């Protein structure tokens, strides 16, 4: 494993005030599924090392099945005796994926690490570093759940983090689909690529929206272009305040202003029963919002499909202001 990842584990797992008693790493690929490996403390050191055996799960397992596997890994880690620093040097769990190098593996697999502190599970989402290892995502506090909750709740916390991505390019090989357009209240013409036939055209959805597409697998999950969502301002604070009014407490709220691409601002969060994502585009002096609500109960494979379609639509949006059309 790259040195960057090793140093990360030292930081995550050797905090003096909250030393983890157990830890397990969850790796996920939409096509190949999950690989989970437990960690053991290294003798006379303040960090952990991956220990065999690794567990594998199919990509469409339920939150309860994933939670059960996470708890099994934590139990294995908790009961493991300290190991020598050179132990298990031949244990290359990532090769179970068919990839020989860890750097190639980290390009294909997302990573969430779960640690146990007393009766509290802490899940942290890691992102790939340029050296091929994983580093903790910036400006995120992870998810904390008690061991007293159900296996399903523990699994759901991990699932939410695994796919709460805003800017990954997952659109390769999707092919072209038809375009659609509408006119905004400012007179601008918005053109975009329609989502696939897995999304039903619901018109304005009887809401304050230009266009709503409902996901066939779960009509509560949708992609929509909104007219106005009542934000005090388009900022990290303004969006969060409005979402909390609408959805209640948020987990892993994130806001960013990309340097490149059509989106001027992107926000995402996990709320009760759903994951929320929005992209904001300039429409004259105002903003156009492309938003999505994805039900937490959707199987992971369906979430991946939804995510690819959302990214595809978001990247295709163009806005021609009225003055430019004359």
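For segment 195-228 versus segment 69-113, the inter-centroid distance based on Cα atoms is 41 Å. With the biggest extent put first, the Cα atoms of segment 182-278 measure 32, 32, 26 Å across the principal axes. Placing R0 at 51 angstrom, the Cβ-Cβ distance between residue 233 and residue 104 gives a FRET efficiency of 0.75 after rounding to 0.05.
Work out the P(r) tail for segment 3-162: percent of alpha carbon pairs separated by more than 23 Å, whole number. The calculated P(r) of segment 3-162 puts 31 percent of pairs beyond 23 Å. Over segment 3-162, Cα pairs under 8 Å with separation of 6+ residues give a relative contact order of 27 percent. Each Cα pair under 8 Å and six or more residues apart adds its sequence gap; the mean of these over the residue count of segment 179-325 is a relative contact order of 25 percent.
Taking 310, 226, 66 in turn, the Gaussian network model of the chain (Cα-Cα springs below 10 Å) assigns the largest fluctuation to 226.
Equivalent ellipsoid of segment 218-324: semi-axes from √(5λ) of the C-alpha gyration tensor, largest first, are 23, 17, 12 Å. Here segment 116-157 and segment 230-245 have alpha carbon centers that stand 26 Å from each other.
Wrap a convex hull around the Cα atoms of segment 240-279, take a quarter of its surface area, and give that in square nanometres.
Across all orientations, segment 240-279 yields a mean hull projection of 2.8 nm².
The order of the peptides 82-88, 240-246 by mean Cβ neighbours within 10 Å, most packed first, is 240-246, 82-88. Here r is the Cβ-Cβ distance between residue 217 and residue 43 and R0 is 56 Å; the resulting FRET efficiency, rounded to 0.05, is 0.70.
One quarter of the surface of the convex hull around the alpha-carbon atoms of the chain equals 17.6 nm², the direction-averaged projected area. Average 1/r across all pairs of distinct alpha carbons in segment 63-118, invert it, and you get the Kirkwood radius: 13.7 Å. Extents of segment 186-239, taken as max minus min of Cα coordinates on every principal axis and listed largest first, are 34, 26, 20 Å.
Quote to one decimal, in nm, the extra length available between residue 201 and residue 320 on full extension: 0.36 nm per residue of separation minus the C-alpha distance between them.
Separation in residues times 0.36 nm, less the Cα-Cα distance, equals 40.5 nm.
Tell me the mean residue ellipticity at 222 nm calculated for the chain from its helices only (DSSP H runs of n ≥ 4, each -39500 (n - 2.57), averaged over every residue, nearest 500).
Dividing the helical sum by the residues of the chain leaves -7500 deg cm²/dmol.
Taking all Cα pairs closer than 8 Å and separated by 6 or more residues, the relative contact order of the chain comes to 15 percent. When DSSP beta bridges are restricted to pairs lying wholly in segment 3-162, around 95% turn out antiparallel. Calculated FRET efficiency, residue 208 to residue 301, Cβ-Cβ distance, R0 = 45 Å: about 0.90 to the nearest 0.05.
Where a number appears in this text, it was derived from the coordinates with a stated rule and is not lab data. Computed from a predicted structure; not experimentally measured. With ideal geometry, Cβ positions are generated from the backbone for all residues, glycine too; neighbour counts draw on all protein chains shown.
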